[in-house]
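Okay, structure first, notes after.
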Amino acid sequence: MFHFIIRRIIFAIPALIGVSIVVFLMLHATPGDPAQVVAGPEATAADIENVRKSLGLDRPIVEQYLHFVGRAVTGDFGVSFKTGRTVVEEIGHRYLNTLQLAGAAMLFAVVVGIVSGVLCAAFKYRALDNIILVLSLIGISAPAFFVGLVLMIVFSVQLGWLPLTGNDSWLHLILPCVTLGLANAAIIARVMRARLIETLDSDYVRTAYAKGLSGFRVITRHGLRNALMPVITVVGLQMGYLLGGAVITETVFSWPGLGRLIIQSISSRDLPLVQASVLLIAVTFVIINLLTDLLYGLVDPRVEVA
Amino acid sequence: MTSFAPALLGAARSLAATIRRHPSSAIAAAIVVVLILAALLADYIAPHDPMAISGRQRLRPPSEANPMGTDNLGRDVLSRVIHGAQISLLVGISVAAVSTVVGSAIGVLAGYSRYVDLVVMRIMDGLMAIPGILLAIAFLAMFGSSVTSVIIAISVPDIPRVVRLVRSVVLSLRELLYVESARSMGAGPIRIILRHILPNAAAPILVQASFLCASAILAEASLGFLGLGTPSEIPSWGNIIAEGRSFIGSAPWLLFFPALALTVTVLAVNVLGDGLRDALDPRFRRRI
């Protein structure tokens with residue numbers, strides 16, 4: 001087990017290096033002079049030269065990259081162009097808000113997805129199965145911002161049950177969390193259904209039925225346990241989409257998270273904030289994938305051998 | 001004439017049989033065909049000029065003259081939605097084509113050369129570690145919004161997915177006996193890739209491309225919603241929805257119809273992809 005953990009951690013390092021290269025290049029791939037971009041449109045030649053010096057843009061590119069990584073590792077992302085506060089100060093609580101939203105959405109997706117997937121498998125090829133399948137297809141195909149806006153109209157504007165925007169109480173979390181988690185719930189439901197149908201077809205399940213267990217018991221004790229493995233993988237993979245989808249959901253509901261910060265920082269050309277936020281989300285994603293792998297190893301004893 | 005008739009009849013019969021056996025795929029295919037026709041013939045079938053502003057016609061609910069109502073500038077929503085189909089389909093198809101071609105080329109190289117594999121797959125891991133929409137947003141923030149940059153911005157995050165798929169297919173195929181025998185007969189790597197490996201990898205690549213097309217259409221609309229999509233002079237479903245957002249309480253049709261068009265399109269392309277997978281991959285037949 002120990003070797004397995006160490007190996008997975010080592011495997012995550014190249015991904016992190018890749019992410020750091022991509023984020024680093026964000027500044028340099030911008031057409032024109034990055035110093036000019038950073039200094040802003042009204043900067044004088046002297047200003048631009050100063051920026052170039054202070055950002056180290058006059059150094060060889062490899063040296064610049066190593067410098068960037070060195071600072072990033074110690075949590076130094078520079079200062080926001082707009083507010084003058086350090087980037088870490090700016091994004092800290094925003095990050096927590098995004099994690100809260102993504103976590104809640106994942107929880108919603110897992111619970112709803114597994115329950116509806118099990119219902120589908122238990123009633124396969126019957127009305128309930130078909131209804132859930134059609135709903136899940138719509139859940140995958142409907143754009144999140146549309147779902148969010150419809151939920152807003154129904155539950156906030158028309159019924160007045162839930163608050164419209166912001167994040168002052170747990171009630172504020174409900175609509176964004178459903179919006180963000182819906183597509184994932186649909187995907188989990190489909191994977192769960194397919195695997196459970198497959199599992200329920202196997203010999204040991206027939207044996208369980210033969211020894212007189214009830215349908216409910218067979219599904220929960222024998223089927224579900226074995227069908228859960230691929231669901232864990234999907235949950236891990238979907239976390240990345242969730243973090244990306246958070247950008248849209250946060251914009252719809254004015255949720256003060258990293259995603260909304262990125263959109264705001266882009267319109268104000270605040271590149272350090274964009275870089276740091278993208279890097280933070282990517283690192284979070286890599287860590288989640290790592291945890292998924294480790295969880296996989298813990299749940300399925302066969303993985304250790306591989 | 002007479003010699004064509006039986007062949008035509010046969011084709012019609014097998015088409016009817018296919019529709020009977022896969023009704024959902026047939027409906028999806030019909031929707032996609034209608035959409036493509038609508039996009040191609042937008043100038044002829046749209047009842048009004050999508051850009052014609054009319055101060056007197058502002059925010060009219062759906063009526064006979066404007067089946068989907070009018071927007072805040074008095075433009076006909078139906079005409080805008082029909083013209084918007086052009087951008088959505090253009091982006092969807094282009095992204096699927098670009099990411100599939102580029103991804104397949106890189107995937108084949110990675111599957112064939114260990115050195116390329118080592119370097120390329122690390123970069124792909126890095127790209128995969130950034131959520132696609134975020135990468136697209138970052139890209140558009142750097143290069144500004146045009147139809148071309150939107151296509152590139154959505155394609156880049158998709159490339160690693162194609163690379164992974166193609167690479168894994170190449171890795172498994174290149175050890176097979178028929179490739180071995182081609183090699184022993186003196187076929188060079190390019191010939192082996194083009195003649196023996198790619199044709200056998202075509203099915204999963206095609207299926208993947210159809211799903212990429214669906215997600216690209218969705219991504220274009222999402223970027224439009226965030227204000228980063230195609231420029232507002234060109235109507236696209238994304239920016240029609242983005243513009244309609246402020247009128248959600250007073251004129252919901254502004255948002256509802258383009259969003260409906262978008263959802264139905266994505267749904268149809270997804271279902272078509274499912275059908276394609278079922279038809280091409282015997283493992284999935286009659287299972288899911």
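Here the relative contact order of region A:148-231, from alpha carbon pairs under 8 Å that lie six or more residues apart, stands at 23 percent. The equivalent ellipsoid that matches the C-alpha gyration tensor of region A:94-233 spans semi-axes of 34, 16, 12 angstrom, in descending order. Can you classify the protein assembly as shown as rounded, prolate or oblate using the Cα gyration tensor, where a ≥ b ≥ c are the square roots of its eigenvalues, rounded means a/c under 1.5, and otherwise it's prolate if a/b beats b/c and oblate if not? Taking the square roots of the gyration eigenvalues as a ≥ b ≥ c, the protein assembly as shown is rounded. Compute accessible area for region A:136-175 by itself and then with all protein chains, 1.4 Å probe, and report residues whose area falls by 40 Å² or more. The answer is A:137, A:141, A:143, A:145, A:146, A:149, A:153.
For region B:12-98, the square roots a ≥ b ≥ c of the C-alpha gyration tensor eigenvalues yield an a/c of 1.5 or more together with a/b exceeding b/c, which makes the shape prolate. Protection proxy ranking for B:248-259, A:64-75, using the average of other Cβ atoms within 10 Å per residue and placing the highest first: B:248-259, A:64-75. Between residue A:7 and residue B:64, the FRET efficiency estimated from the beta carbon spacing at R0 = 51 angstrom works out to 0.15.
Look at the alpha carbon pairs under 8 Å that are at least 6 residues apart: their mean separation over the length of chain B gives a relative contact order of 22 percent. 3J(HN,Hα) along region A:134-145, derived from phi through the Karplus expression 6.51 cos²θ - 1.76 cosθ + 1.60 where θ = phi - 60°, amounts to 5, 4, 5, 5, 5, x, 6, 8, 6, x, 4, 5 Hz, with x in place of Gly and Pro. Compute the long axis of helix B:147-173 from its Cα atoms, compare it with the longest principal axis of the Cα atoms of chain B, and write down the angle in degrees, 0 to 90, nearest 10. Approximately 30 degrees, to the nearest 10.
Taking amide hydrogens as placed 1.01 Å from N in the peptide plane, the amide H of residue B:187 sits under 5 Å from that of no residue at least 5 positions away in sequence or on another chain.
Using a simple spin-label model with pseudo-atoms 7 Å out from Cα toward Cβ, residue B:184 and residue A:123 lie 5.8 nm apart. Among the protein heavy atoms of the protein assembly as shown, carbon and sulfur supply 68% of the accessible surface, probe 1.4 Å, non-protein parts ignored.
What net charge do the residues around residue B:251 carry, taking every other residue with its C-beta under 14 Å from that of residue B:251, with Lys and Arg at +1 and Asp and Glu at -1?
Net charge in that neighbourhood comes out at +2.
Which value, in square angstrom to the nearest 100, describes the accessible area buried between chains A and B on both sides, using a 1.4 angstrom probe?
3400 Å²
Modelled this way, with points 7 Å down the Cα-to-C-beta line, the labels at residue A:85 and residue A:47 are 2.4 nm from one another. State the Cα centre-to-centre distance between region B:255-281 and region B:155-198 in whole Å. Going from one Cα centre to the other spans 30 Å. Reducing region B:4-55 and region B:82-117 to their Cα centroids gives an inter-centroid distance of 25 Å. Residue-wise HN-Hα couplings along region A:5-16, as the Karplus relation 6.51 cos²θ - 1.76 cosθ + 1.60 with θ = phi - 60° gives them from phi, are 4, 4, 5, 4, 5, 5, 4, 6, 4, x, 4, 5 Hz; Gly and Pro carry x.
Across peptide B:30-39, the mean count of Cβ atoms from other chains lying within 10 Å of each residue's own Cβ comes to 0. Here the relative contact order of region A:92-299, from alpha carbon pairs under 8 Å that lie six or more residues apart, stands at 29 percent. Rounded to 0.05, the FRET efficiency of the residue B:191 and residue B:41 pair, given R0 = 45 Å and the Cβ-Cβ distance, is 0.55. Under 1.5 on a/c is rounded, so check that first for chain B, then, if it is not, pick prolate when a/b is larger than b/c and oblate when it is not; a ≥ b ≥ c are the square roots of the alpha carbon gyration tensor eigenvalues. Oblate.
Using a 1.4 Å probe, what is the accessible area per residue for the protein assembly as shown, in Å²?
Numbers: 29120 Å² over 594 residues.
It amounts to 49 Å² per residue over the protein assembly as shown.
If R0 is 45 Å, the Cβ-Cβ spacing of residue A:66 and residue B:260 corresponds to a FRET efficiency of close to 0.30. Comparing B:151, B:197, B:87 in a Gaussian network model of chain B where C-alpha atoms under 10 Å apart are linked, the largest mean-square fluctuation is found at B:197. The modelled label-to-label distance for the pair residue B:24/residue B:146, using points 7 Å beyond Cα in the direction of Cβ, is 4.1 nm.
The values are calculated or read from the model by the stated rules, or taken from the named source; none is laboratory data. Computed from a predicted structure; not experimentally measured. All Cβ positions, even for glycine, are placed from backbone atoms using ideal geometry, and neighbour counts span all protein chains on display. Remember, those area values only see protein heavy atoms, side chains included, never the ligands or the DNA or RNA. Shrake-Rupley method; radii C 1.70, N 1.55, O 1.52, S 1.80 Å.
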